[in-house]
Amino acid sequence: ESLQAEVAERRRAEEELRASEARYRLLADNSTDVIWTMDRDGLLTYVSPSIEKLRRGVAAESVLGHPFTIGLTAESAAAAGARFAAVRDMVARGIKIPPEEHIELELYCLDGSTVWTESVVSPLIGDDGEVRGFIGMSRNITARRLAEQERLALEAQLRHSQKLESIGTLASGVAHEINNPLTGVINYADLIERRVGDPQLREFAEGIKVEGNRMAEIVRGLLSFARQETTEKR
């Protein structure tokens, strides 16, 4: 009777385990996020079929048994590899590792394009308390990354516009301050040219007028820039 009870209990436990495994397999196989596991050496031991949708044609079977960095861009592979090496070092020294890690990684798709993912990685702890491997879930965040890049670009454009506006205000003030005395310089040079009889002095006065008019052209350019006028570029 004791043996029969033990066998019945074992069968019941096995049936519950199979049912539990079936439920988890159903969830993993139908999740839109990619669920994956790897051993302590960083080799992939399971990847859910949703990877094919995420990476546009990459099959789960093609990455099993490979390092978890397979398919990552060079920059992401370096970042992920460095973090994994640090975690392995913590495990080797008996330091408790965080319950989960968040990392954003860029992967290649089958067509050569790339996709950004946010991965949440947690350690798989055995009954003895030792780390047996890692489980992760990767979600497509490409749209979010693009939106963030667009936001940063718009902010940069706004800052640039604000700088131009400040420069325009400064240019307008400088131009007005220079314009009045410059007009006086040109007018006085004209009066000198009209009233002196010495040809050399008249030539000097003409030189003052020429250089003054050059400065006046620069001032008009500053005012035009400050007013955001549409002018001919040449």
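The values are calculated or read from the model by the stated rules, or taken from the named source; none is laboratory data. These numbers were taken from a predicted model, which means no experiment stands behind them. Cβ: placed from backbone, ideal geometry, glycine included. Neighbour counts: every protein chain shown. Heads up: the accessible areas ignore ligands, DNA and RNA and are worked out on the full protein's heavy atoms, side chains in. Shrake-Rupley method; radii C 1.70, N 1.55, O 1.52, S 1.80 Å.
List of remarks:
- Candidate values [x] -0.22, -0.29; [y] -0.25, -0.32; [z] -0.53, -0.59 were compared with log10 I(q)/I(0) by the Debye sum over Cα atoms at q = 0.07, 0.08 Å⁻¹ computed on the shown model; the agreeing label is [z].
- Sequence-distant contacts, meaning Cα pairs under 8 Å at least 6 residues apart, place the relative contact order of segment 37-159 at 23 percent.
- Under the simplified labelling scheme, the Glu21-Asp41 pair shows an inter-label distance of 2.3 nm, with each label point 7 Å from Cα along Cα→Cβ.
- Thr142/Glu1 FRET efficiency (R0 41 Å; Cβ-Cβ; nearest 0.05): 0.10
- The chain: most fluctuating residue of Ala171, Ala82, Ala74 per GNM, C-alpha cutoff 10 Å: Ala171
- Residue-count net charge about Phe68 - beta-carbon cut-off 13 Å; Lys, Arg +1, Asp, Glu -1: 0
- Shape category assigned to segment 1-137 from the gyration tensor of Cα positions, a/c cut at 1.5: oblate
- Relative contact order [Cα under 8 Å, 6+ residues apart], the chain, whole percent: 14 percent
- Net +/- balance of residues flanking Asp89 in space, Cβ distance below 15 Å, scoring K and R +1, D and E -1: +3
- In loop segments of segment 95-169 as defined by DSSP, the trypsin sites (Lys or Arg not before Pro) with at most 10 further C-beta atoms inside 10 Å of their C-beta are Lys96.
- Annotation: amide H of Arg132 within the under-5 Å range of Leu124, Ile125, Gly126, sequence separation 5 or more or interchain, hydrogens built in the peptide plane.
- A 1.4 Å probe run over the protein chains yields, for segment 76-155, 62 Å² of accessible area per residue, whole-number rounding.
- Cross-link partners of Lys163 among aspartates and glutamates, defined as those whose alpha carbon lies under 13 angstrom from its own and excluding same-chain residues fewer than eight positions apart: Glu155.
- Kyte-Doolittle at least -0.5, axis length at least 15 Å by Cα - qualifying DSSP helices, the chain: 74-92, 142-195, 199-226
- Sulfur and carbon atoms: percent of accessible area, the chain [1.4 Å]: 56 percent
- With a cut-off of 10 Å between beta carbons, the residues surrounding Asp111 carry a summed charge of +2, where Lys and Arg count +1 and Asp and Glu -1.
- Cα-projected label distance for Leu152 with Glu206, points at 7 Å along beta-carbon direction, nm: 6.0 nm
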